[in-house]
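> What follows is a structure written as structure tokens; I'll ask about it next.
The values are calculated or read from the model by the stated rules, or taken from the named source; none is laboratory data. Model, not experiment: these values are computed from the prediction. Counting neighbours? That spans all protein chains shown, and the Cβs are built from the backbone with ideal geometry, glycine included. These accessible areas exclude ligands, DNA and RNA; they are computed on the full protein's heavy atoms, side chains included. Shrake-Rupley method; radii C 1.70, N 1.55, O 1.52, S 1.80 Å.
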Amino acid sequence: MALTYLDHAASTPMREGAVAAMMPFFSGTYANPSGSHRFAREARRAIDEARDDVADVLGVAPGSVIFTSCGTEADNTVLAGVSGAAVCSAAEHHAVLHPIEERADGVVIGTDATGHIDLDRLADACRTPGVGVVSVMAVNNEVGTITDLGEVAAIVRREAPDAVLHTDAVQAPCWLDLRSIAPLVDAMSFSAHKFGGPKGVGVLTLAPGVAVDPLIVGGGQERERRSGTHNVAGIVGLATALVETDQDRATEQVRLTALRDRLVDAVTGSVDGVVETVPRDRKVAGSAHMCIDGIENEALLYLLDEADVCASAASACASGAMEPSHVLAAMGVDRCLALGALRLTLGHTTTDADVDRAAEVVVDAVRRLRARAS
């Protein structure tokens, strides 16, 4: 039986165009792009062209684009590289949440029931003298909530005008026009494998005039903002995947919204006690997160895996954790209900057959687990 992959928020299948674009840089154009000879300049040219493409999709100047190894590094670079107190949402990815929790001057703000940061508490936190950086994610990686970054930016600019406003936008490229986000923030983080690119390469953007101390120093690459030999193939693959994602976004939104609704409706219409975690108009099209009463998601995921359906309960970085998601805790979801959390996420390879198969397997698994419990 074919694999049914509904874990796109964890990692997406690579786009064929990205794979093809990367191939010449594994065995053909393999020189170090920091070199001075003609062969090295060919590799450097590929990076420069990729930077231009990324900048165009993100709506920033090419000089604002910094290539990193992943979204986590991009997040950490901003949080470690800006002095002063740090503020974030309680529903952030751990790449943001953990560094801020570990700081003596870190402030974590609660959310509402949809996972959106509490704007009143954000304003209060920003009034505290010495706030240096505020980080609020664009799209939540677990439940799919879309942050109104316009509201967030207005508060930060008013109450903490000297603070750097950063957004972890790792989950955003498939769903949001990033050109609408760039003018609102000072820094953005991305990771290629979330939109059909390779693992091991990411992007950090910094607005002109924003100074961030480098996290990695040494060779002086990326204008001394991120040292280390460039991953040329990865950078080219990232740029290709990002351009294709940008071109396909509008049609994919329509297609995947219909598939997501069909999937959730099939499950909620077949078994009782299933709660769709975030209203559909507040989240991205690819998110079919739900909480299922009366079961534990560890057992559910086991049955799904046995049936070749790939899903998760929370962030892939926290898979295997027995505690309920920190995101659901921040949203005020009852602990017993949160233990039955199921994250199904759709993407560019998702088909009608995937959705129908997943719904069938989830419904059957829930019924079996409840029957055993009774």
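> In the range 206-221, is there at least one residue being touching a Leu at 6+ places or on another chain (Cβ under 8 Å), modelled with pLDDT of 95 or more and closer than 30 Å to Pro161 by Cα?
Yes, the range 206-221 contains a residue that is touching a Leu at 6+ places or on another chain (Cβ under 8 Å), modelled with pLDDT of 95 or more and closer than 30 Å to Pro161 by Cα.
> Separate question: Say we look at the range 293-324 and pick out the residues that are assigned to a loop (DSSP other than H, G, I, E, B) and hydrophobic (A, V, I, L, M, F, W, C); which of these is modelled with the lowest pLDDT?
Per the criteria, the residue is Ala321.
> So, one more: Please report, ordered by residue number, the strands (runs of 3 or more DSSP E) entirely within the range 124-232 with at least 2 residues that are free of Cβ contacts under 8 Å to residues at least 60 places away in the same chain and farther than 30 Å from Pro279 by Cα.
On the way: elements: 131-135, 164-168, 187-191, 202-206.
In the range 124-232, the matching strands (runs of 3 or more DSSP E) lie at 131-135.
Here's the yes/no breakdown for (1) touching a Leu at 6+ places or on another chain (Cβ under 7 Å); (2) open to solvent by 60 Å² or more (accessible area, probe 1.4 Å); (3) part of a loop (DSSP other than H, G, I, E, B); (4) under 30 Å from Arg249 (Cβ atoms):
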position	(1), (2), (3), (4)
Glu42	no, yes, no, no
Val57	yes, no, no, yes
Phe67	no, no, no, yes
Leu79	no, no, no, yes
Ser83	no, yes, yes, no
Pro99	yes, no, no, no
Ala104	no, yes, yes, no
Val107	no, no, no, no
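> Would the range 20-37 turn up any residue that is out of contact with any helix residue (DSSP H, G or I) (no Cβ under 6 Å at 6 or more places or on another chain) and open to solvent by less than 50 Å² (accessible area, probe 1.4 Å)?
yes
> Got a number for residues in the range 136-180 being among the polar types (S, T, N, Q), open to solvent by less than 30 Å² (accessible area, probe 1.4 Å) and more than 14 Å from Asp75 (Cβ to Cβ)?
3
> Could you check how many residues of the range 181-203 are touching a Lys or Arg at 6+ places or on another chain (Cβ under 7 Å) and open to solvent by 10 Å² or more (accessible area, probe 1.4 Å)?
Looking only at that region, the number is 1.
> Looking only at the range 325-337, decide whether some residue is open to solvent by less than 10 Å² (accessible area, probe 1.4 Å) and not in a helix (DSSP H, G or I). Before you say what the answer is, go through the steps one by one.
First, the residues of the range 325-337 that are open to solvent by less than 10 Å² (accessible area, probe 1.4 Å): 327-328.
Among the residues that remain, those that are also not in a helix (DSSP H, G or I) are: none.
No - not one qualifying residue is present in the range 325-337.
> Would you check which residues across the range 109-123 are open to solvent by less than 20 Å² (accessible area, probe 1.4 Å) and either in a helix (DSSP H, G or I) or of a type in the set (Gly, Ala, Ser) (or both) and list them?
Of everything in the range 109-123, those that are open to solvent by less than 20 Å² (accessible area, probe 1.4 Å) and either in a helix (DSSP H, G or I) or of a type in the set (Gly, Ala, Ser) (or both) turn out to be Gly110, Gly115, Leu122, Ala123.
> Of all residues in the range 1-19, count the ones that are open to solvent by less than 50 Å² (accessible area, probe 1.4 Å) and in a loop (DSSP other than H, G, I, E, B).
8
> Between a first residue in the range 260-288 that is within 17 Å of Asp364 (Cα to Cα) and a second residue that is open to solvent by 50 Å² or more (accessible area, probe 1.4 Å) and of a type outside the set (D, E, K, R), which pairs have beta carbons less than 8 Å apart while being 6 or more apart in sequence or on different chains?
Partner pairs satisfying both residue conditions: Gly273/Gly294; Val274/Thr268.
> All but one of (1) open to solvent by 30 Å² or more (accessible area, probe 1.4 Å); (2) not in a helix (DSSP H, G or I) hold for Leu342; state the number of the condition that does not hold.
Leu342 satisfies all of (1) open to solvent by 30 Å² or more (accessible area, probe 1.4 Å); (2) not in a helix (DSSP H, G or I) except (1).
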